[in-house]
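The values are calculated or read from the model by the stated rules, or taken from the named source; none is laboratory data. This is a predicted model, so every value here is computed, not measured. Neighbour counts are summed over all protein chains in view; Cβ atoms, including those assigned to glycine, are modelled from backbone coordinates with ideal geometry. Side chains are part of the model used for accessible areas, which takes the heavy atoms of the whole protein and leaves out ligands, DNA and RNA. Shrake-Rupley method; radii C 1.70, N 1.55, O 1.52, S 1.80 Å.
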Amino acid sequence: IGGSGWTFKMTAKGYIIRENHFENKDSITCITGLTDGSILLGGLRDSTRRMLVKFDSNGRKVWERIHDNPESTVLKSIQPVSNSGYLGYLTSPGREMLVYYGLNGDEQHHVPIPHNLKISSYLMDVRGNLMIQMTAGGNMILIKNTGSDL
């Protein structure tokens, strides 16, 4: 569970077994658990920069990446892309975009979504096929690619 400047893990009975503290002005916007027990956490640092952090299964920080944020985007969700990296969904007042992150959290590729489209959901399968459901003017659009290229 995460919030402003703090995350914790608890047992099924509600006992806190681990917690991580961040800087006071950090806001956590998404958390994703990975199959190996590690955790990806996205958020904002001082409302001006995006952060992406990975913790191992024991709660130790593996890496932390801070990215410039000129468009005031917010990382809404992130998910693994096979074994090659992570796909993030970002929103901002002006547009939405998908960002491909390498395994170390570095941004590698941005895919801006045209202004009149809104992503409803996206899904990536184990083979790297990406399906994106979008809406525009009351219509639903489904896009599917094959492979891991965005």
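Here is how the numbers come out for the structure above:
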quantity: Strands (runs of 3 or more DSSP E) fully within the stretch 61-125 counting 3 or more residues that are open to solvent by 60 Å² or more (accessible area, probe 1.4 Å); calculated: 61-68, 107-113, 118-124
quantity: Given (1) touching a Ser or Thr at 6+ places or on another chain (Cβ under 6 Å); (2) assigned to a loop (DSSP other than H, G, I, E, B); (3) within 21 Å of TYR122 (Cβ to Cβ), index of the condition THR35 fails; calculated: (1)
quantity: Residue in the stretch 18-30 that is more than 26 Å from GLY102 (Cβ to Cβ), assigned to a strand (DSSP E or B) and either at pLDDT 70 or above or among the basic types (Lys, Arg) (or both) present; calculated: yes
quantity: Any pair with Cβ under 9 angstrom, 6 or more apart, that starts in the stretch 35-63 at a residue that is without any contact (Cβ under 8 Å) to a residue 60 or more places away in the chain and ends at one that is outside any strand (DSSP E or B) and of a type in the set (Phe, Trp, Tyr); calculated: LEU41/PHE22; GLY43/PHE22; ARG45/PHE22; MET51/PHE22; VAL53/PHE22
